[in-house]
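Following: one structure in structure tokens, then a few remarks.
The values are calculated or read from the model by the stated rules, or taken from the named source; none is laboratory data. Treat the numbers as computed from the prediction; the structure is a model and nothing was measured. Glycine gets a Cβ as well: all are built from the backbone with ideal geometry, and neighbour counts include every protein chain shown.
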Amino acid sequence: MSVRDNPPPSRSRQIANILLLVSGVFLLINLIFPQLFGPKIPQVPYSMFIDLVQDGEVARAYVEQDQIRFQLQPEEEDKPGKVLSTTPLALDLELPNRLESNGVEFAAAPPPRSNWFTSLLGWVIPPLIFVAVWRFFLMRGGGGPQGALSISKSKAKVYVQDDETKVTFDDVAGVDEAKVELEEIVEFLKNSDRYTRIGARIPKGVLLVGPPGTGKTLLAKAVAGEAGVPFFSISGSEFVELFVGAGAARVRDLFEQAKTKSPCIIFIDELDAIGKSRSGNGGFVGGNDEREQTLNQLLTEMDGFAAGENTVIVLAATNRPETLDPALLRPGRFDRQVLVDRPDLSGRLKILEIYAQKVKLADAIDLKEIAVRTSGFAGADLANLVNEAALLAARNNREKVTQADFFEAIERVVAGLEKKSRVLNDKEKKIVAYHEVGHALVGALVPGGNKVSKISIIPRGMAALGYTLQTPTEDRYLLDEAELHGQIATLLGGRSAEEIIFGNVTTGATNDLQRATDLAERMVTSYGMSKVLGPLAYQKGQQNSFLGDGMGGNPRRMVSDETAKAIDAEVKEIVESGHQRALDILNHNRDLLEDITQKILDLETIEGETLQSLLNQVQNPDKVPTST
Ligand code: ADP
Ligand code: MG
Ligand code: ZN
């Protein structure tokens, strides 16, 4: 796609405008004024002037810097002689002598003083500059024919489809449900009359919701590419202006433009920038007139156009649907919501295939394996991963990207860049090693723990000093209660190991505790998994924030003091029992804990077969070991 601004606000044109204005005024002053005020004196060549002087014809001369006016001898007694002028040679030093020897009466002009011309310039130029600057700022809003009104010009970009750069549905993978929905929209745009003839109302607004980087913007472009219609793209934040009312004017202008180009698509990215709930959500009580007016204008425009005559479909994208004003989601506005979620295993594989085409791959690449290891990655992360792998291959002077490059790239993306420079001292290293092995041993035994594929004590990124990499064997959407308990125990495994070995705990477990507590709280308040509190939801509202993994605090329902106390007690109980379980497992497998930790301290990382055979030796403390 090629982008062109609409209308093109060319800065050079504005400057040209200003220059034209200024030089026009100069021309006027230079051309008209001398004609009006200057006396008309016939010009003669300088050589003729010299001849006349030498012939004694010149009576008197008035020498100025750039002209000499002179009067000839009177032809008749009572009439004055003719007055002529000439342009002097710049450096004729002979001139005074020559004039004197020929008896010419002569005088020089006084040094130039500020005359009417310069004082006029003094009066004219400053206002001119002022006017020019004023015009410049007005035109900055977008140029165009109505310069003074241009502050209301929308800044929308129109994407003109050309075949080479066109985005199609083939460029988007892993979001099949969303694609099906949007294919229908393409159908509406292509054959709108088939639907309107039968009396069906074509949807006006489609809202794409999903976490960042899952391809919402890409999908919107693909819709335009598939339908072959103009695509007006603007970001919600571009409506928000310093001046109250400017955003609303922009919305009006955008729809005006779009209607002339129908059928077409208006795409408003990051809709939440203008579409935030007006109910004082987040402390914005009053004082946000501008955003509110913009939103109101958007609502009005969406109600305003009848689907029949102008097929304008408004696509919008947001990753915070829960903050949107309910009025936006009403039928007739953004009544269709399309969920664009993170891709699952097969989706990730397809996305990897798209981007792997763009780099040179070694023969033995197993993209499936990479897809398995990248659970939770969004499309943008995967695109970045392929690029990161290619960069690694190039840095190591390889011609092709190998599987190992991909694995290292995954680790980079997951845990931040390897930071070999941060060296742990021996004591810290030991603590981190026991901590990570603690996670791994508990995780290997309890249900719901993912397969532990790597333990490392090489510090990475800002937060992690060491890490235990767990890869899920499959994508899971439902977890049962036992699995959640298992996850909590695994999270506490690190701290428990520290307790057992050192009888002491460090600050390293902060994040583990946070996550374990959150999980326990959600089990009680959202999932209804507490025997004491029963299957009630103690949290308010649906929690569909796509930012973060849904762990953000949700306001609790109004609960009585007793219930609140019971919730707290229950959460504590769940975390405590997870802790106890972790302690039991580690105490029971203490030799193995020491053993693996020693290996980690030697090797810094253990993975693959070696790790599996070690972890297979973990024994369940609840069961009497049998001889198998
Ligand atoms: P969003 O708007 O949802 O935050 P984008 O559409 O801007 O995400 O995605 C950023 C980039 O990531 C895209 O340009 C594309 O290269 C890649 N990408 C994201 N999702 C996908 C996908 N489902 N299929 C292919 N590429 C994707
Ligand atoms: Mg986007
Ligand atoms: Zn930990």
| note | Checked region 345-363 for anything over 29 Å from the mean Cα position of the chain (by Cα) and over 16 Å from Ala409 (Cβ atoms); matches are Asp363
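Residues checked against (1) more than 16 Å from ligand 1 (Cβ to nearest atom); (2) modelled with pLDDT of 70 or more:
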| residue | (1), (2) |
| --- | --- |
| Val372 | yes, yes |
| Gly379 | no, yes |
| Ala390 | no, yes |
| Leu417 | yes, no |
| Arg422 | yes, no |
| Ala444 | yes, yes |
| Val452 | yes, yes |
| Ser456 | yes, yes |
| request: Evaluate region 328-341: report whether one residue or more is in contact with a Pro (Cβ under 8 Å, 6 or more places away or on another chain) and of a type in the set (Asp, Glu). | output: yes
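For (1) modelled with pLDDT of 80 or more; (2) of a type in the set (Phe, Trp, Tyr); (3) surrounded by fewer than 14 Cβ atoms within 10 Å (Cβ to Cβ), each residue gets a yes or a no:
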{"residue": "Ser530", "(1), (2), (3)": "yes, no, no"}
{"residue": "Pro535", "(1), (2), (3)": "yes, no, yes"}
{"residue": "Gln539", "(1), (2), (3)": "no, no, no"}
{"residue": "Met551", "(1), (2), (3)": "no, no, no"}
{"residue": "Ile567", "(1), (2), (3)": "yes, no, no"}
{"residue": "Ile574", "(1), (2), (3)": "yes, no, no"}
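Just to check your reading of the model, which residue among Ala464, Ala433 is closer than 24 Å to Gly578 by Cβ, at pLDDT below 80 and within 12 Å of ligand 3 (Cβ to nearest atom)? I'd like the intermediate steps shown before the answer.
Details: Ala433 fails: at pLDDT below 80.
So the residue among Ala464, Ala433 that is closer than 24 Å to Gly578 by Cβ, at pLDDT below 80 and within 12 Å of ligand 3 (Cβ to nearest atom) is Ala464.
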| field | Search result, residues across region 204-219 that are within 17 Å of Glu183 (Cα to Cα), buried (at least 24 other Cβ atoms within 10 Å of the Cβ) and within 10 Å of ligand 2 (Cβ to nearest atom) | value | Leu208, Gly215, Lys216, Leu219
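Which residues, taken from region 254-274, are of a type outside the set (Lys, Arg) and under 15 Å from Met302 (Cβ atoms)? I'd like the intermediate steps shown before the answer.
Quick first cut of region 254-274, residues of a type outside the set (Lys, Arg) only: 254-258, 260, 262-274.
Those that are of a type outside the set (Lys, Arg) and under 15 Å from Met302 (Cβ atoms): Leu254, Phe255, Glu256, Ala258, Ser262, Cys264, Ile265, Ile266, Phe267, Ile268, Leu271, Ile274.
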